[in-house]
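Trainee: To start, I am sharing the structure in question, which I have written as structure tokens.
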């Protein structure tokens, strides 16, 4: 009986993990009102970092600040960075002014109902990011951010792009 319970728990855990680890295509609106579809982003990219954030999240703001430099460094080599705001309808008005004030050059999308966030296994904690390779495999997942984490992300990008 213990083996059966253990097997059922193992299957449940594996299903929960695999759901968060599966590529799901989506279309969201960017801060300028344009639709952006993930599968079309892959037409020009080999590696995409999908990073969920919110204006009220201090670590998210720090992550974006650090990853702007990483994005600038690798965007011409096949790297794309999609920062997806999960701010609700009330706070979403702050997103565009914040991004504009910071001068960020990466794409910023809106997921006010958190549908994409939840489809990728997001719970309540942000920043939450997933790195997806050209084969649409999720090759890394990051929850939270502290200074220095950008170095690990950069190494993952270089490895995925085949840069030494």
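The values are calculated or read from the model by the stated rules, or taken from the named source; none is laboratory data. What you see is a predicted model, and the numbers here were worked out from it, not measured in a lab. So basically every Cβ, Gly included, is an ideal-geometry build from the backbone, and we count neighbours across all protein chains shown.
Trainee: For the condition without any contact (Cβ under 8 Å) to a residue 12 or more places away in the chain and part of a loop (DSSP other than H, G, I, E, B), what is the one hit in 90, 146, 152?
Mentor: 90
Trainee: Here is a follow-up. Using the structure shown, decide if residue 84 is over 14 Å from residue 153 (Cα atoms), modelled with pLDDT of 95 or more and part of a helix (DSSP H, G or I).
Mentor: no
Trainee: Checking residue 71 against (1) touching a strand residue (DSSP E or B) at 6+ places or on another chain (Cβ under 9 Å); (2) assigned to a helix (DSSP H, G or I); (3) surrounded by fewer than 19 Cβ atoms within 10 Å (Cβ to Cβ), which test does it fail?
Mentor: (3)
Trainee: Also: Could you identify the single residue in 55, 100 that is touching a helix residue (DSSP H, G or I) at 6+ places or on another chain (Cβ under 7 Å) and more than 27 Å from residue 136 (Cα to Cα)?
Mentor: Selected residue: 55, the only one of 55, 100 that is touching a helix residue (DSSP H, G or I) at 6+ places or on another chain (Cβ under 7 Å) and more than 27 Å from residue 136 (Cα to Cα).
Trainee: Among 154, 68, 125, which is farther than 21 Å from residue 35 by Cα and modelled with pLDDT under 95?
Mentor: The unique qualifying residue is 125.
Trainee: Got a number for residues in region 137-156 being over 13 Å from the mean Cα position of the chain (by Cα) and surrounded by 14 or more Cβ atoms within 10 Å (Cβ to Cβ)?
Mentor: Final tally of qualifying residues: 4.
Trainee: Do you know which of the residues in region 93-112 that are in contact (Cβ under 8 Å) with a residue 24 or more places away in the chain and part of a helix (DSSP H, G or I) is farthest from residue 164 (Cα to Cα)?
Mentor: Among residues in region 93-112 that are in contact (Cβ under 8 Å) with a residue 24 or more places away in the chain and part of a helix (DSSP H, G or I), the one farthest from residue 164 (Cα to Cα) is 94.
Trainee: Just need a number here: residues in region 115-136 that are part of a loop (DSSP other than H, G, I, E, B) and surrounded by fewer than 17 Cβ atoms within 10 Å (Cβ to Cβ).
Mentor: Final tally of qualifying residues: 6.
Trainee: Name the pairs: first residue in region 61-78 and over 15 Å from residue 129 (Cα atoms), second residue in a loop (DSSP other than H, G, I, E, B), Cβ to Cβ under 6 Å, at least 6 apart or on different chains?
Mentor: Final answer for the pair search is 78/45; 78/46.
Trainee: Considering region 20-30 alone, what residues qualify as being in contact with a strand residue (DSSP E or B) (Cβ under 6 Å, 6 or more places away or on another chain) and at pLDDT 95 or above?
Mentor: Listed by number, the residues that qualify are 27, 28, 29, 30.
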